[in-house]
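Worksheet: the structure to be examined is printed underneath.
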Amino acid sequence: MHRVLTDPGSGRGTALPTKEFLMRYGTDDEHPFDTDNRAWRRLSDVTSEHFDAITWNRDPDGRPVLLTLRDIPTGDTVTLAVLDSLEIRDAHVLLAVHTTGELGAHGPTSGAEAAHSHAATLALDSTTLAVTKPVPLHDPAVTDLPATRWVDLPPDLAPILRPALDDTRSAILVLLDRTEGWLAAIGPFPTHAAADTWQPADGPGRTADRLTVPLHPITIEQAQP
């Protein structure tokens, strides 16, 4: 069950319809929040299936500020503060090529600039890093892979690339055309197995080499420009 209440300060409120209007609360520069945030929407779906969930909204604009979860069998409750949200627009990842030819990915980020700025952090943490490159990240929900998603590579890189063996939960799929010297990145995927099963609808991606590449998450601060 999922309910929406108002007036978190007093602890009182009136039950409102469970349908939530999608809004961007961006007037507070320090704590912007978007109810269309995909993590928020998924959290709402999951909690409504397993908990009695109560969302407390702020007057007068209706911004969610607290989320109370009640364990239905025991009645135990916990209340979480809703501070802010970050939406990944124009998703990119930073590809990291090591001297061994191993390929890893870091992200996702909002735009190429944020991905590129993470390269300096990687260089400080690795002694084997050879090349980094920001690339657009194609949404796996769309099987048509446009030509704009293909990125040219330096001629010496395409023949040697192989996935790094890092143990990460999530992954991206890199379609690599070694002959043409370009690649396209698709993801993110929640597991490596999910990345392995994705197929493009048509085009050069059908015959390209498939590299399931570990995706290393980055902080909120690093993900935005």
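Here are the numbers for the structure shown:
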quantity	calculated
Identity of the residue in the stretch 199-217, touching a strand residue (DSSP E or B) at 6+ places or on another chain (Cβ under 6 Å) and open to solvent by less than 20 Å² (accessible area, probe 1.4 Å), that ends up nearest to Arg162 (Cα to Cα)	Leu211
Residue match in the stretch 92-105 (condition: part of a strand (DSSP E or B), closer than 26 Å to Ala164 by Cβ and among the acidic types (Asp, Glu))	yes
Matching option when the condition is touching a Ser or Thr at 6+ places or on another chain (Cβ under 9 Å), among the acidic types (Asp, Glu) and free of Cβ contacts under 8 Å to residues at least 24 places away in the same chain, among Asp52, Asp61, Asp71	Asp71
Failed item in (1) open to solvent by 20 Å² or more (accessible area, probe 1.4 Å); (2) more than 23 Å from the chain's Cα centre (by Cα), with Ala158 passing the rest	(1)
Number of the condition not met by Leu67 [criteria: (1) hydrophobic (A, V, I, L, M, F, W, C); (2) open to solvent by 20 Å² or more (accessible area, probe 1.4 Å); (3) farther than 20 Å from Ala185 by Cα]	(2)
Filter result for Glu113 (exposed (fewer than 15 other Cβ atoms within 10 Å of the Cβ), farther than 13 Å from Ile186 by Cβ and acidic (Asp, Glu))	yes
The one condition in (1) surrounded by 14 or more Cβ atoms within 10 Å (Cβ to Cβ); (2) farther than 19 Å from Ala115 by Cα; (3) without any contact (Cβ under 8 Å) to a residue 40 or more places away in the chain that Leu145 fails to fulfil	(3)
Of the criteria (1) under 19 Å from the mean Cα position of the chain (by Cα); (2) closer than 20 Å to Glu102 by Cα; (3) not charged (D, E, K, R), which one Val131 fails	(1)
Unmet requirement for Leu122, which otherwise passes all of (1) assigned to a helix (DSSP H, G or I); (2) more than 13 Å from Ala96 (Cβ to Cβ); (3) open to solvent by less than 40 Å² (accessible area, probe 1.4 Å)	(2)
Test result for Leu43, under 14 Å from Leu83 (Cα atoms) and at pLDDT 85 or above	no
Odd one out for Ser126, checked against (1) more than 23 Å from Gln199 (Cα to Cα); (2) at pLDDT 95 or above	(2)
Residue list for the stretch 150-162, filter: modelled with pLDDT under 95 and within 21 Å of His192 (Cα to Cα)	none
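This table checks each residue for (1) outside any strand (DSSP E or B); (2) not charged (D, E, K, R).
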| residue | (1), (2) |
| --- | --- |
| Leu43 | yes, yes |
| Val46 | yes, yes |
| Ala53 | no, yes |
| Gly62 | yes, yes |
| Val65 | no, yes |
| Leu69 | no, yes |
| Thr74 | yes, yes |
| Asp84 | yes, no |
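The values are calculated or read from the model by the stated rules, or taken from the named source; none is laboratory data. Note that this is a predicted model, so its numbers are computed, not measured. With ideal geometry, Cβ positions are generated from the backbone for all residues, glycine too; neighbour counts draw on all protein chains shown. All accessible areas refer to the heavy atoms of the entire protein, side chains included, with ligands and DNA or RNA removed. Shrake-Rupley method; radii C 1.70, N 1.55, O 1.52, S 1.80 Å.
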